[in-house]
Amino acid sequence: AQSVTQLGSHVSVSEGALVLLRCNYSSSVPPYLFWYVQYPNQGLQLLLKYTSAATLVKGINGFEAEFKKSETSFHLTKPSAHMSDAAEYFCAVSGGGANNLFFGTGTRLTVIP
Amino acid sequence: GAVVSQHPSRVICKSGTSVKIECRSLDFQATTMFWYRQFPKQSLMLMATSNEGSKATYEQGVEKDKFLINHASLTLSTLTVTSAHPEDSSFYICSARVSGGEWGYTFGSGTRLTVV
């Protein structure tokens, strides 16, 4: 079975500060991990995904995430927050025989000017 | 990249009526589609998985007679909310699994359903 836990339902950062959104996963098989961003009343946009290649994954809009098997983590980071980064972020896992994604509870990022 | 078009984006209906939501894969064939429901400020809850040409697989607790899913072609899946009630008001999102080099999951833009 697969699951993800996102620590912190709300994160606030100042514009230009580091963004760190935490995600820990649980999987009985090698996982595929994803980060999505959702703006109000919209669907989900893929930021990046880990598919067992490089452990440091670079995504769109300056985001990246590092897969750490020893810590079962896949935290999302961005060196410098921009106002347009304010949104809801979801970590998700897929793997094994399951086709679907299992989502975390989401983290709302607020960027303070 | 693979795009899923979801319509309508917003719909208001009266209690007791039915509403159909469509999801179309525009530039790829979607063998498998997923339907999610999202309550305000919450995560996505998987409702069902639909495979082209076969019956949908519903998650535990989801009423299959209320949420009818049809996946008759490789480019179209529909969700019909039958005899809608105010508690069915929610944000519904479809997703398709994309195969090949850029495999992954692509999402529709969502449908905001309000039942009055």
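The values are calculated or read from the model by the stated rules, or taken from the named source; none is laboratory data. Please read these numbers as outputs of a predicted model, since none were measured by experiment. Here the Cβ positions follow ideal geometry from the backbone for every residue, glycine too, while neighbour counts run over all protein chains shown.
Some points to look at:
- Residue B:48 being crowded, with 18+ Cβ neighbours inside 10 Å, over 9 Å from the mean Cα position of the chain (by Cα), within 14 Å of chain A (Cβ to nearest Cβ) and among the aliphatic types (A, V, I, L, M): no
- Leading residue by the ranking (nearest to residue B:98 (Cα to Cα)) among those in the stretch A:26-69 that are in contact with a strand residue (DSSP E or B) (Cβ under 6 Å, 6 or more places away or on another chain), charged (D, E, K, R) and surrounded by 12 or more Cβ atoms within 10 Å (Cβ to Cβ): A:49
- Residue in the stretch A:95-103 that is surrounded by 15 or more Cβ atoms within 10 Å (Cβ to Cβ), modelled with pLDDT of 95 or more and either closer than 23 Å to residue B:97 by Cβ or not acidic (Asp, Glu) (or both) present: no
- Flag for residue B:37 being surrounded by fewer than 22 Cβ atoms within 10 Å (Cβ to Cβ), more than 11 Å from the chain's Cα centre (by Cα), at negative phi and not in a loop (DSSP other than H, G, I, E, B): no
- Residues that are at pLDDT 90 or above and among the aromatic types (Phe, Trp, Tyr) were ranked within the stretch B:29-58; the one that is nearest to residue A:5 (Cα to Cα) is B:36.
- Residue in the stretch B:51-95 that is surrounded by the most Cβ atoms within 10 Å (Cβ to Cβ), counting only those that are under 13 Å from residue B:32 (Cβ atoms) and within 11 Å of another protein chain (Cβ to nearest Cβ): B:94
- Filter pass, residue A:90 being aromatic (Phe, Trp, Tyr), within 22 Å of residue A:28 (Cβ to Cβ) and either more than 14 Å from chain B (Cβ to nearest Cβ) or in contact (Cβ under 8 Å) with a residue 60 or more places away in the chain (or both): yes
- Qualifying residue in the stretch A:13-27 (condition: more than 13 Å from chain B (Cβ to nearest Cβ), assigned to a strand (DSSP E or B) and touching a helix residue (DSSP H, G or I) at 6+ places or on another chain (Cβ under 7 Å)): yes
- Within the stretch B:41-112, strands (runs of 3 or more DSSP E) holding 2 or more residues that are of a type in the set (Ser, Thr, Tyr) and touching a Ser or Thr at 6+ places or on another chain (Cβ under 7 Å): B:44-51, B:76-81, B:90-98, B:104-107
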